[in-house]
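Remarks on the structure that follows.
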Amino acid sequence: MDVLGRDEIIHYLNGGNDVELFAAADRLREQSFGREVYLRAIVEFSNFCNKKCNYCGLRAPNSNVNRYRLATDTIVESAISAAEAGVRTIVLQSGDDFSYSSAQVEQIISGIKESHDVAVTLSLGDRSAAEYEHWFSCGADRCLLKLETTDPVIYRRIRSGADFHERLELLLSLQDIGYEVGSGIIVGLPDYTVEHLADDLLFLSKLELDMIAAGPFIPHPDTPFYFAEAGNIDLSYRFTALARLLNPFSNIPATSALDSFDSEGRKKGLLRGCNVIMPSVTPVSKRKDYNIYPGKNAVSVDVTDTISRAEKLVYALGFTLSASKGSSRRMNNVE
Ligand code: SAH
Ligand code: SF4
């Protein structure tokens with residue numbers, strides 16, 4: 001497949017030729033990454049959030065959440081356990097919880113970077129560009145900031161009045177600062193059409209992202225979208241396969257949301273263009289409380305067990321786990 005136009009993208013999103021699409025995405029992943037899959041361990045260190053996104057279980061007005069905040073030492077220890085189990089990228093994620101000071105985040109980044117040669121990805125939401133710039137100078141390598149949708153009207157509706165252009169501006173600033181930047185969307189939000197998804201794909205691809213993350217929407221009972229239909233999992237596979245075709249060298253995760261629909265979900269993702277998996281290494285006692293959507297982190301096991309399950313999944317498919325940090329290979333940055 002050469003250059004994909006909007007009409008062709010819509011054709012594939014509608015299921016016009018899944019066999020051809022998935023095979024082409026798989027071939028291209030193989031060309032770009034060989035048999036290697038990257039493992040990113042996520043430490044979900046706080047489920048406090050000052051936002052009211054209508055799709056998310058952690059939204060501030062949800063009083064049915066057991067809120068927790070991990071101490072900085074505990075966060076560093078969780079990251080170190082994952083690094084000792086062989087993981088080369090640690091993702092630090094939380095609700096938009098601004099009670100962690102800039103200095104505390106710095107302490108966490110330095111604590112991890114000083115103890116192990118791993119990449120650190122920040123997924124902290126709408127902190128200021130100045131703070132992100134400071135954390136870059138402290139050694140943070142990557143940021144993950146999903147646009148969730150690239151339609152400003154839908155963005156306002158799903159993120160409770162927030163401004164799409166502010167989010168986009170922050171994302172562009174992160175790229176200017178020098179971070180490897182990931183973004184993405186949620187597939188199948190209420191009132192979404194395949195035309196929206198085609199536009200999302202074209203928009204995200206123009207941003208030349210180092211990572212593109214897209215998983216199906218899962219309605220949460222304690223949110224204003226409790227009544228909405230779940231995103232279609234086939235559409236989600238098609239979206240990431242098309243993202244691969246449009247972005248041969250970007251890292252594309254098979255998200256854990258896929259496994260909420262189908263126990264084979266992440267496996268299928270890896271066979272259809274994805275090249276990353278992101279298991280949670282949040283301390284077991286807190287994991288179930290990071291309840292962004294129902295079913296998230298339902299399996300409570302320790303770090304070693306989490307990593308060995310992820311390894312088994314990868315090896316069962318005939319892939320190997322990459323020993324490298326898995327920096328973006330976009331823009332001819334091929335190792
Ligand atoms: N607070 C930060 C990061 C945590 S949210 C931020 O908002 O950027 C992590 C991701 O979970 C979000 O980017 C969103 O894409 C996803 N998410 C939240 N609720 C979801 C739902 N109901 N279904 C699917 N994905 C969801
Ligand atoms: Fe908070 Fe992020 Fe959930 Fe929005 S998506 S409510 S910012 S955790």
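Residues that are over 21 Å from Ala214 (Cα atoms), hydroxyl-bearing (Ser, Thr, Tyr) and within 16 Å of ligand 2 (Cβ to nearest atom) are absent from the stretch 307-317. In the set (1) more than 20 Å from Leu207 (Cβ to Cβ); (2) within 14 Å of ligand 1 (Cβ to nearest atom); (3) buried (at least 20 other Cβ atoms within 10 Å of the Cβ); (4) not charged (D, E, K, R), Ile90 fails one condition alone, (2).
Residues being open to solvent by less than 60 Å² (accessible area, probe 1.4 Å) and part of a helix (DSSP H, G or I): count how many of those fall in the stretch 268-283.
Residues flagged as open to solvent by less than 60 Å² (accessible area, probe 1.4 Å) and part of a helix (DSSP H, G or I) within the stretch 268-283 amount to 2.
Quick check, is Gln107 open to solvent by 10 Å² or more (accessible area, probe 1.4 Å) and either away from ligand 2 (no atom under 16 Å from the Cβ) or over 18 Å from Gly182 (Cα atoms) (or both)? Criteria met by Gln107. Tell me yes or no: at least one residue of the stretch 195-207 is assigned to a helix (DSSP H, G or I), within 14 Å of ligand 1 (Cβ to nearest atom) and open to solvent by less than 50 Å² (accessible area, probe 1.4 Å). Checked against the condition, which is being assigned to a helix (DSSP H, G or I), within 14 Å of ligand 1 (Cβ to nearest atom) and open to solvent by less than 50 Å² (accessible area, probe 1.4 Å), the stretch 195-207 yields at least one hit. Residues in the stretch 108-137 that are over 16 Å from Thr89 (Cα atoms) and away from ligand 1 (no atom under 16 Å from the Cβ): Ala130, Glu133, His134, Ser137. Determine if the stretch 34-43 includes at least one residue that is part of a loop (DSSP other than H, G, I, E, B) and not small (Gly, Ala, Ser). Yes, the stretch 34-43 contains at least one residue that is part of a loop (DSSP other than H, G, I, E, B) and not small (Gly, Ala, Ser).
Let's see how each residue does on (1) out of contact with any helix residue (DSSP H, G or I) (no Cβ under 8 Å at 6 or more places or on another chain); (2) over 25 Å from Asp289 (Cβ atoms); (3) without any contact (Cβ under 8 Å) to a residue 40 or more places away in the chain; (4) of a type in the set (Asp, Glu):
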{"residue": "His196", "(1), (2), (3), (4)": "no, yes, no, no"}
{"residue": "Leu209", "(1), (2), (3), (4)": "yes, yes, no, no"}
{"residue": "Ala213", "(1), (2), (3), (4)": "yes, no, no, no"}
{"residue": "Ile218", "(1), (2), (3), (4)": "no, no, no, no"}
{"residue": "Pro224", "(1), (2), (3), (4)": "yes, no, no, no"}
{"residue": "Glu229", "(1), (2), (3), (4)": "yes, yes, no, yes"}
{"residue": "Thr255", "(1), (2), (3), (4)": "no, no, no, no"}
{"residue": "Ser263", "(1), (2), (3), (4)": "yes, no, yes, no"}
{"residue": "Gly273", "(1), (2), (3), (4)": "no, yes, no, no"}
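Residues in the stretch 214-239 that are open to solvent by 10 Å² or more (accessible area, probe 1.4 Å) and either among the charged types (D, E, K, R) or not in a loop (DSSP other than H, G, I, E, B) (or both): 6 in all. Just one of the numbered conditions (1) within 11 Å of ligand 1 (Cβ to nearest atom); (2) in contact with a strand residue (DSSP E or B) (Cβ under 7 Å, 6 or more places away or on another chain) is not true of Cys56: (2). Of the residues making up the stretch 153-180, those that are surrounded by 15 or more Cβ atoms within 10 Å (Cβ to Cβ) and free of Cβ contacts under 8 Å to residues at least 60 places away in the same chain are Ile154, Tyr155, Phe164, Arg167, Leu168, Leu170, Leu171, Ser173, Leu174, Gln175, Ile177, Tyr179. Can you spot a residue in the stretch 61-79 that is within 15 Å of ligand 2 (Cβ to nearest atom), small (Gly, Ala, Ser) and surrounded by 17 or more Cβ atoms within 10 Å (Cβ to Cβ)? Within the stretch 61-79, none of the residues are within 15 Å of ligand 2 (Cβ to nearest atom), small (Gly, Ala, Ser) and surrounded by 17 or more Cβ atoms within 10 Å (Cβ to Cβ).
Within the stretch 110-129, the set of residues being within 16 Å of ligand 2 (Cβ to nearest atom) and either among the basic types (Lys, Arg) or open to solvent by less than 40 Å² (accessible area, probe 1.4 Å) (or both) comprises Thr121, Leu122, Ser123, Leu124, Gly125, Arg127. For the stretch 248-257, the criterion of being more than 16 Å from the chain's Cα centre (by Cα) and of a type in the set (Val, Ile, Thr) is met by none of the residues. Kindly indicate whether Asp210 is on the phi < 0 side of the Ramachandran plot and more than 16 Å from ligand 2 (Cβ to nearest atom). Yes. Annotation: of all residues in the stretch 93-104 being open to solvent by 60 Å² or more (accessible area, probe 1.4 Å) and over 22 Å from the mean Cα position of the chain (by Cα), the one that is farthest from ligand 2 (Cβ to nearest atom) is Ala103.
The values are calculated or read from the model by the stated rules, or taken from the named source; none is laboratory data. Quick caveat, the model's predicted, so the values are computed rather than measured. Note that each Cβ is placed from the backbone with ideal geometry, even for glycine, and that neighbours are counted across all protein chains shown. Please note that ligands, DNA and RNA were not included when accessible areas were found on the heavy atoms of the full protein model with its side chains. Shrake-Rupley method; radii C 1.70, N 1.55, O 1.52, S 1.80 Å.
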